[in-house]
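The values are calculated or read from the model by the stated rules, or taken from the named source; none is laboratory data. What you see is a predicted model, and the numbers here were worked out from it, not measured in a lab. Counting neighbours? That spans all protein chains shown, and the Cβs are built from the backbone with ideal geometry, glycine included.
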Amino acid sequence: MFKSLWVRFLLLLFAVSLIALSAAFLLRELMVRDFREYLEGEMEDRVYWVTASLESTYEKFSGWERQSIVEDAVWALMMGFDVKLYDTNGMLIIDTKSAIETLSPLVKKRVMAISESRTGRGSGKYVPYILFLGGKEIGQLKVKFLRPKKESLFIERSNRLLLISLVALGGIAILLSIVFSRRLTNPIEGITEAAVAIGDGDLGRRVGTAGHDEIGRLAGAFNRMAQSLQIQESLRKKLTSNVAHELRTPISAIRGELEGMIDGFIPADKEHLQSLYAEIGRLRNVLDAIEELSQAEASTLTLRRHEFELCAFLRNIVERFTKVFRDKGVVVKLECGVGLVVSADPDKLSQVVINLLSNALKAAKAGGNVRVKAWKNDSETVMEFLDDGTGIRPEDLPYIFERFYRGSEGGLGLGLTIVRELVEAHGGRVTAASEYGKGSAFTVILPQ
Ligand code: ADP
């Protein structure tokens, strides 16, 4: 259970709120303590006023004059004290209760009402204070503090506040942690489910990508990975069926002719043997293309770079193609500035050029034009292959560099994959742009 992310999140939020509440509790304790100290200090001051008043009454009347002391005792009660006054022999002279009894019923009622409204319970025990006059002991006052009502009110209110905040904060913490942890874990669970579904073969499965946070980016990356897996998988299926198809046609033709020869329907003469030979040549081409691809994929390791003049290199290849282009009624032109030196593997680069020219030738229409351009900018050498042939459908364009991806009249679908592998092995990149029905442009960029 504790392995679940949302439970951990819940516990974490819980711990944070607990820490916050403990801090609030501690703060409240400190405040109450300070408040009590302040009140006690004030009480002490008041006790001294009461003792001073009693001492001066004693001095005024040269002894304990009962009526005047009653006033002092009542005054002490109003200040929040229950008092008992003893003389030097330990005889009780007056206490708060008997002082109040001496008052008229109306005054007594008023005094009691005021005292009750201001004070709460007593603090428990009586504290003795010795009374002096001119250095001589004249009696003893025992005082019991009656806790001011405002103190208990303050404490009660702070306790209630603490309890409310405990319940409210705890509730909010639980609610927030449930909402947030669900919001956090729901998309992760969605991704897990999708990953399991993809693992089980449902390659079309995708997840929602709402939000630009880490989870949103994870979902986006997951979808891109799933998309690429789906493409790879469909290409793998295509590979199997394409290779089988490409091999089956020449093999069937060879087999048919050989059977005819064995049965004596077809003469085993030079003409028929040449046709067999041509079919075997087709078989070889398919196998060569697959081999070329695997070599191209490993070419980063086997690159043999030389510095050479690019224009002469391109002219050489283009001239080899001129005849086949002319046979199709297509004009091929090279536009290239002299003195363009590149550092590349000439064999691999010629394969790049040949594949791109072959595609242009396939796409070109009679009366069309193919142009090969090369130039250098600051840090790159650029080669461009332009044709005004069939062009590429927009829906095909993003995939033409994938293995075995081919248009309706394509060959094996490996030529451009080989081009991309070889160009990238040189640290370069290749891009394609096309307008369907108008022509295409392939750009090869090689770093210096
Ligand atoms: P192949 O040419 O063997 O089919 P490629 O990988 O060389 O394989 O090309 C993939 C596909 O891209 C081709 O089948 C074709 O549909 C399209 N293509 C490539 N180059 C061109 C071009 N110059 N004009 C039009 N379509 C092109």
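Yes or no: region 325-340 includes at least one residue that is charged (D, E, K, R), over 22 Å from G427 (Cβ atoms) and in a helix (DSSP H, G or I).
yes
As an exercise: evaluate T381 against (1) assigned to a strand (DSSP E or B); (2) near the ligand (Cβ under 8 Å from one of its atoms) and give the number of the one condition it does not meet.
For T381, the exception is condition (2).
Has region 33-51 got any residue that is of a type in the set (S, T, Y), surrounded by 12 or more Cβ atoms within 10 Å (Cβ to Cβ) and touching an Asp or Glu at 6+ places or on another chain (Cβ under 6 Å)?
No, the conditions are met nowhere in region 33-51.
Pull out all pairs, ordered by first then second residue, where Cβ-Cβ is under 9 Å, the residues are six or more apart or on different chains, the first lies in region 282-297 and is in the same structural domain as G411 (by TED's automatic domain parsing), and the second is at pLDDT below 80 and within 14 Å of the ligand (Cβ to nearest atom).
none
Yes or no, residue by residue, for (1) part of a helix (DSSP H, G or I); (2) within 29 Å of E246 (Cα to Cα); (3) of a type in the set (K, R); (4) within 12 Å of the ligand (Cβ to nearest atom):
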| site | (1), (2), (3), (4) |
| --- | --- |
| C311 | yes, no, no, no |
| N316 | yes, no, no, no |
| K323 | yes, yes, yes, no |
| V342 | no, no, no, no |
| N355 | yes, yes, no, yes |
| A360 | yes, yes, no, yes |
| K365 | no, yes, yes, yes |
| T417 | yes, yes, no, yes |
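Out of L54, L11, L27, L18, which single residue is in contact (Cβ under 8 Å) with a residue 12 or more places away in the chain, part of a helix (DSSP H, G or I) and either surrounded by fewer than 13 Cβ atoms within 10 Å (Cβ to Cβ) or assigned by TED's automatic domain parsing to the domain that holds F145 (or both)?
L54
Please determine whether any residue of region 190-208 is hydrophobic (A, V, I, L, M, F, W, C) and not in a helix (DSSP H, G or I).
There is at least one residue in region 190-208 that is hydrophobic (A, V, I, L, M, F, W, C) and not in a helix (DSSP H, G or I).
Under the condition of being hydroxyl-bearing (S, T, Y) and in a helix (DSSP H, G or I), which residue from region 57-77 is nearest to M91 (Cα to Cα)?
My answer is Y58.
Considering S379, S350, S343, which residue is in contact with a helix residue (DSSP H, G or I) (Cβ under 8 Å, 6 or more places away or on another chain) and assigned by TED's automatic domain parsing to the domain that holds E424?
It is S350.
Each row is one residue, and each column tells you yes or no for (1) surrounded by 14 or more Cβ atoms within 10 Å (Cβ to Cβ); (2) within 30 Å of L21 (Cα to Cα).
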residue: A173; (1), (2): yes, yes
residue: G201; (1), (2): no, no
residue: R205; (1), (2): yes, no
residue: H212; (1), (2): no, no
residue: I215; (1), (2): yes, no
residue: K237; (1), (2): no, no
residue: H245; (1), (2): no, no
residue: H272; (1), (2): yes, no
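On the basis of being within 37 Å of the chain's Cα centre (by Cα) and outside the structural domain of N242 (by TED's automatic domain parsing), does I400 make the cut?
yes
Yes or no: E307 of a type outside the set (A, V, I, L, M, F, W, C) and touching a Ser or Thr at 6+ places or on another chain (Cβ under 8 Å)?
Here the answer is yes, as E307 does meet what is asked.
So the check is Cβ under 8 Å with 6+ separation or different chains; which pairs have a first residue in region 303-331 that's free of Cβ contacts under 8 Å to residues at least 12 places away in the same chain and a second one that's surrounded by 12 or more Cβ atoms within 10 Å (Cβ to Cβ)?
Close Cβ pairs satisfying both conditions: T322/V332.
Which residues, counting only those in region 376-396, are within 14 Å of A432 (Cα to Cα) and either of a type in the set (F, W, Y) or within 45 Å of the chain's Cα centre (by Cα) (or both)?
Once the filter is applied, which keeps residues that are within 14 Å of A432 (Cα to Cα) and either of a type in the set (F, W, Y) or within 45 Å of the chain's Cα centre (by Cα) (or both), region 376-396 yields V382, M383, E384, F385, L386, G391, I392, R393, P394, E395, D396.
If you go through region 85-139, how many residues are assigned to a strand (DSSP E or B), at pLDDT 85 or above and not aliphatic (A, V, I, L, M)?
8
Pick from K373, K362: which is within 47 Å of the chain's Cα centre (by Cα) and surrounded by fewer than 18 Cβ atoms within 10 Å (Cβ to Cβ)?
Just a single option satisfies the conditions, and that option is K373.
Could you identify the single residue in E421, E395, E435 that is touching a residue at least 60 places away in the same chain (Cβ under 8 Å), among the acidic types (D, E) and either more than 7 Å from the ligand (Cβ to nearest atom) or closer than 15 Å to K333 by Cα (or both)?
Only one candidate passes the filter, namely E421.
Only one of these conditions is not met by G389: (1) near the ligand (Cβ under 9 Å from one of its atoms); (2) within 20 Å of K237 (Cα to Cα). Which number is it?
(2)
Can you tell me which of R403, R420 is modelled with pLDDT under 90, closer than 20 Å to E233 by Cβ and of a type outside the set (A, V, I, L, M)?
Unique residue meeting the criteria: R403.
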